[in-house]
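Okay, structure first, notes after.
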Amino acid sequence: MSEKNKPAATSADHILVIKRIFDAPRSLVFKMWTEREHVVQWMGPRGFVVTHADADLRPGGAWRSCMRSPAGEDLWLGGVYREIVANERLVFTHAWDDAACNPGHETIVTVMLADHGKQTQLTFEQKFFDSVQQRNAHQGGWSECFDILAEQMAKQMEEER
């Protein structure tokens, strides 16, 4: 890992944790995170469109995505999977590209799924932000994505009935 991408020191101010309960089985929540056809439907705030999404879903495999903003700006990001446990856990790096298409500051995302009765509890953690402002910006973005994720899972479950 280059110095530029080296994670900042860990402090509570530089860690984002979001917990959500979804009305869906863990297997569907996991699919929504790992299958391209689903990822493109929810992995961006409202008004953004995912124009590119690919992933080599294995530890050490890379993922890359592009979101187009409502203003038409392409925002590229990517990372590497570190851990994958089907229907339970995903761990991957996350970095936004700069204007020269070089990865910027790297964070680590951990997605944990657990049964919550007939629902699924998602515990999302993203750490090593370089500032509280970056953490807060991601909190808003991810929270909106998770709202869309819930809507997409409801649609998927309705289609499967």
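The values are calculated or read from the model by the stated rules, or taken from the named source; none is laboratory data. Given the structure is predicted, the values throughout are model-derived calculations rather than measurements. Cβ sites come from the backbone with ideal geometry, for glycine too, and all protein chains shown count toward neighbours. Note: accessible area is taken over every heavy atom of the protein model, side chains too, but ligands, DNA and RNA are not part of it. Shrake-Rupley method; radii C 1.70, N 1.55, O 1.52, S 1.80 Å.
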> So which pairs qualify, if the first residue must be in region 61-83 and under 15 Å from R36 (Cβ atoms) and open to solvent by 60 Å² or more (accessible area, probe 1.4 Å), the second must be not β-branched (V, I, T) and not in a loop (DSSP other than H, G, I, E, B), the Cβ gap must be under 8 Å, and the two must be at least 6 apart or on different chains?
Replying inline: R64/H52; R64/A53; R64/D54; R64/A55; R64/W76; R64/L77; R64/G78
> Based on what the data block shows, is W42 under 15 Å from Q121 (Cα atoms) and open to solvent by less than 60 Å² (accessible area, probe 1.4 Å)?
Replying inline: no
>> Condition first: in a strand (DSSP E or B) and out of contact with any helix residue (DSSP H, G or I) (no Cβ under 7 Å at 6 or more places or on another chain). Now tell me which residues in region 118-140 satisfy that.
In response: Q119, Q121, T123, E125
>> So, E106, is that one surrounded by fewer than 14 Cβ atoms within 10 Å (Cβ to Cβ) and not in a loop (DSSP other than H, G, I, E, B) or not?
In response: no
> Would region 72-83 turn up any residue that is assigned to a strand (DSSP E or B), among the basic types (K, R) and touching a Phe, Trp or Tyr at 6+ places or on another chain (Cβ under 7 Å)?
Replying inline: yes
>> Just to check your reading of the model, which residue among D56, D98, D13 is open to solvent by 50 Å² or more (accessible area, probe 1.4 Å) and touching a helix residue (DSSP H, G or I) at 6+ places or on another chain (Cβ under 8 Å)?
In response: D13
>> Conditions first: (1) more than 12 Å from the chain's Cα centre (by Cα); (2) open to solvent by less than 70 Å² (accessible area, probe 1.4 Å). D115 passes all but one, so which condition is the exception?
In response: (2)
> What pairs come up if the first residue lies in region 48-59 and is over 13 Å from H38 (Cα atoms), the second is part of a loop (DSSP other than H, G, I, E, B), and their beta carbons are under 8 Å apart, counting only those six or more places apart or on different chains?
Replying inline: F48/S69; F48/P70
